[in-house]
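Trainee: Quick one: the structure is below, and I'll ask about it shortly.
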Amino acid sequence: MFKLVLIALLPWLVFFSGGTEQSFVTPEQNSQQGNTGTLEKMIVASGSVSMDVDLGMLNGVAGRSKGTRMSTLRFDTEPDAFFTVLILNNELRGPQPSSMNLIPQDKLPLPKSLSSSYHQLVLESAEWGQPYELVVRDGKTGFPYFNVEGQDYKYEAADRSFNFEGARLLISNEFANELGRPSAGGSVVGTISISTTLRPIEVTQYLNGEVVSDVLPATPSTGSVPGPDVIVGDLSGLAQFGSSAGTQVGLAVGTDSCNFGTVDLDWFALPDNDHPVIPQNLYRMSGGANNDERFEQIGQSNVKHAFTALTNNICSLGCNGVGGTHLGSGCSDPYSASLNAGPNLGSRAWINPFTGFYPRGDSGATNPNNHTGHTHLGPSHRILTEISDLNTTLNPGATYYAESQYVTPHEYVWCQSHAGQCNMNNNVSYRRYTVTGTGSPFSFSPAAATVRQKSAVSAWSGATFVDVIPDAANDGVGMVAYKVTNPSAGVWHYEYAVYNQNMDRAIQSFGVPLGSGAIISNIGFHAPPQQPGWTFDGTANNVGFSNTPWTQTQDASSMTWSSETLAQNANANAIRWGTMYNFRFDSNRPPQSVNATVGFFKTGDPITVQVQGPSPAASVSVSVGGRVTTANGWGVYRVQIAMTDSNNVTRIAYTNPFGYYRFDNVLSGASYTFSALSKQYTFTPQTIPVTDTVTNLDFIVGT
């Protein structure tokens, strides 16, 4: 039967080959080789479509403005769209009659007819013999809006990418009639481009025209993303394990992994070093009138080394049934809290959280999960937490959040060979819990559902979040979260949380500029307790990371906190991956936007992030003035000068017969915008910070 199908397809394959030299059977091939190869029927797994359109032309106003202004309509393709394409021996033979839904990503002013169909457009590969191969139409009514011509298909077998750029988008005759402009039918109104990834739904091997293998590959999960992509799909069962030791307890939380990717994720157990590792953290939000003044990390664990993937469907993605040494596409693998409690959990120190690399487990000295030579206590390796941080009497009204992430080498390796399919930064999730107890043992109950693919600090009410991405191609990401409150008249509390999700370089310093005359007090620092060292834990001399609080340094212009440098102490208390530290102070000055500085521990120059910091103290003893002149230096009379502050309060002055003006009693320590207005001349506004008297803020005609 399939042999007959192949014979029927031969003319079509020749048509799309671009010539007989690349056709399914060529004159140069002998009868023993001509009908031999692999035919793959592909569909669009994921992708995007963009249309650059002259909306003025569509809306009938093309002649009312100078030039053509193109607007971009962006769409995602529906997951696993049955827009089918044939690939023969890794070479494109073209799309078959089929279509895919377009999911709009923005909204622009469109003609009424097109606007009503905007959320149900499809890109259709038309039946053979039609005047245009591709058509954009209403998927429900079938009404054609645009025809496509000039598309130059490109297919890359290595990553199964299928795309074209800049094909011409033509108004259909039907749409032109609908617009009341029949003559516009066939006019080029813009261009269309697509970028997609294909996946096979049927793979047939044939030899001399005879089928030798016909395979239907497993269907990947619904809503999956390109490449391998393991995330924490759910957290459960937060509990205390073992007895307390001194002032500390050890906790653990269950994690369910989910592979959102289209590629089965490597899951080879130790001694192999190609499997995920699973750290766990605990946070607390507390303080202030609403118990949300600060958000602090109060506990962190070592890592669980994953082993033997199961084939559950916890995330309802549709598991493809692959397990064992791989977590299949769409599949889930549960780890209970007791399993994540160990006690044999490995040190984080061995792991590069961005590349996922850690050494194999063959050698004792470099085994990332070697527990030789030390005794396990109740808190050992678990989420190490101070009892006082959980005591509900000491922390009335506080809320608690468990967090975990999966760090795996497979995602990084895949990213290096598949551009755009890099899923290393989305693997962390959190869940809110209620704590019961004033001393060990404590009990916990879930207070909300798991929030996927977000770090716990995202739950900080009223905070502002700024990403820290020092080197996107070579290292991970972090975040600075901050919140400014006004607890009493004339007092502002500044609270900063600096979070390192998966940056191997770690963070060594954090500095906030201070406005001139700003007074600060109640300077504070907070960090979670570090795990104690043990033999073969991957830290320098196996002593663990330091718990030494950061040094606080204040000068006239900034407040800075810092740990020891790498040169001073390889085990310094830097903000390593999966941890968050807090910095705080009170000030007599209200907030303004400033550039805080984040310095790194291992490598990389410091970077700045915009936060809120104390504004300068004000003064009333300065004046600002200057002169308005023509280009040849003549003063201009009666020009209106406007001075506007950050609150949009404006003062007005006028130039005298010689062009001079002046504002007295100007508050220093702030920025102002100065504008000159004249019926006869034009001037460019100037924005300057005023810290002292200014006498030369001049305006020249035409500049």
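Trainee: Run the reach check for residue 112 against aspartates and glutamates, Cα to Cα strictly under 13 Å, same-chain hits fewer than 8 apart removed. What comes back?
Mentor: 178
Trainee: Under the definition of Cα pairs under 8 Å and six or more residues apart, what whole-number percent is the relative contact order of the chain?
Mentor: Working: 1897 pairs, mean separation 60.2, N = 703.
RCO, the chain: 9 percent.
Trainee: Something else now. List the residues, sorted by chain then number, that are 5 or more residues from residue 322 or on another chain and whose placed amide H is less than 5 Å from its amide H.
Mentor: 328, 329
Trainee: Further question on the same structure: Can you tally the net charge around residue 342? Count Lys and Arg as +1, Asp and Glu as -1, for every other residue whose Cβ sits under 15 Å from the Cβ of residue 342.
Mentor: The answer is +2.
Trainee: Can I ask one more? Residue-wise, which Karplus ³J(HN,Hα) couplings in Hz belong to the range 586-600, taking 6.51 cos²θ - 1.76 cosθ + 1.60, θ = phi - 60°, and x for glycine or proline?
Mentor: Values per residue, Gly and Pro as x: 9, 8, 8, 10, x, x, 9, 6, 9, 9, 6, 10, 10, x, 10 Hz.
Trainee: May I ask you to evaluate 6.51 cos²θ - 1.76 cosθ + 1.60, the Karplus curve with θ = phi - 60°, for each residue of the range 447-460 and list the ³J(HN,Hα) values in order in whole Hz, giving x for glycine and proline?
Mentor: For the range 447-460, the Karplus curve yields 10, 6, 6, 5, 9, 7, 6, 9, 6, 4, 4, 4, 7, 5 Hz.
Trainee: If you don't mind, another one. Please compute the net charge surrounding residue 360, taking Lys and Arg as +1 and Asp and Glu as -1 over other residues with Cβ under 12 Å from its Cβ. Write down the numbers at each step before the final one.
Mentor: Numbers: positive: none; negative: 272, 274, 362.
That works out to -3.
Trainee: Find the all-direction average of the projected area of the Cα convex hull for the range 622-700, expressing the result in square nanometres with one decimal place.
Mentor: Convex hull of Cα atoms, orientation-averaged projection: 4.7 nm².
Trainee: List the residues, sorted by chain then number, that are 5 or more residues from residue 516 or on another chain and whose placed amide H is less than 5 Å from its amide H.
Mentor: Amide H to amide H, under 5 Å and 5 or more residues apart or across chains, residue 516 pairs with 617.
Trainee: Net charge near residue 578: determine it from the other residues with C-beta under 11 Å of the C-beta of residue 578, scoring Lys and Arg +1 and Asp and Glu -1.
Mentor: Taking every other residue near residue 578 into account, the sum is +1.
Trainee: To make sure I understand, if each residue's beta carbon is the centre and we count other beta carbons within 10 Å, what order do 235, 88 fall in, fewest to most?
Mentor: Final ranking by Cβ density, sparse to dense: 88, 235.
Trainee: Based on other C-beta atoms within 10 Å, arrange 452, 74 from fewest to most. Working shown, then result.
Mentor: On the way: 452 19, 74 14.
Fewest-to-most ranking of 452, 74: 74, 452.
Trainee: Please list the non-local residues whose amide H lies under 5 Å from the amide H of residue 227, H modeled 1.01 Å from N, same-chain partners needing a gap of 5 or more.
Mentor: Under 5 Å from the amide H of residue 227 lie the amide H atoms of 262, 263, each far enough along the sequence or on another chain.
Trainee: Let me ask you something else. Could you give the size of the charge dipole of the chain about its Cα centre, using +1 on the Cβ of each K and R and -1 on the Cβ of each D and E, expressed in debye and rounded to the nearest 20?
Mentor: Here the size comes out at about 2120 debye.
Trainee: Another question about this same structure. Under the classification rounded if a/c is under 1.5, otherwise prolate if a/b is larger than b/c and oblate if not, where does the chain fall, given a ≥ b ≥ c as square roots of the Cα gyration tensor eigenvalues?
Mentor: Since a/c reaches 1.5 but b/c is at least a/b, the shape of the chain is classed as oblate.
Trainee: Related question: Mean residue ellipticity at 222 nm from the helices of the chain, using -39,500 (n - 2.57) per DSSP H segment of n ≥ 4 over the full residue count, to the nearest 500 deg cm²/dmol? Working shown, then result.
Mentor: On the way: 7 runs with 49 residues, N = 703.
Result for the chain, helices only: -1500 deg cm²/dmol.
Trainee: Also: Lysines within cross-link reach of residue 454: Cα-Cα under 30 Å, excluding same-chain residues under 8 positions apart?
Mentor: Answer for residue 454, where 30 Å is the Cα cut-off: 107, 304, 483, 602, listed by chain and number.
Trainee: Through the Karplus equation 6.51 cos²θ - 1.76 cosθ + 1.60, θ set to phi - 60°, convert the phi angles of the range 225-240 into ³J(HN,Hα) values in whole Hz; use x for Gly and Pro.
Mentor: Karplus values, whole Hz, x for Gly and Pro: 10, x, x, x, 7, 8, 10, 7, x, 7, 10, 7, x, 3, 7, 8.
Trainee: Follow-up question, since we're still on this one. Rounded, prolate or oblate: which fits the range 295-373, taking a ≥ b ≥ c as square roots of the Cα gyration tensor eigenvalues, rounded meaning a/c under 1.5, else prolate when a/b beats b/c?
Mentor: Prolate shape, in that a/c is at least 1.5 and a/b is the bigger ratio.
Trainee: Using a cut-off of 23 Å between alpha-carbon atoms, which lysines can reach residue 154, once sequence neighbours fewer than 8 places away in the same chain are excluded?
Mentor: Qualifying lysines at Cα under 23 Å: 41.
Bear in mind that the values in this text are calculations on the coordinates, not laboratory data. Not measured: the values here are computed from a predicted model. As a convention, Cβ positions derive from the backbone with ideal geometry for all residues, glycine included, and neighbour counts pool all protein chains shown.
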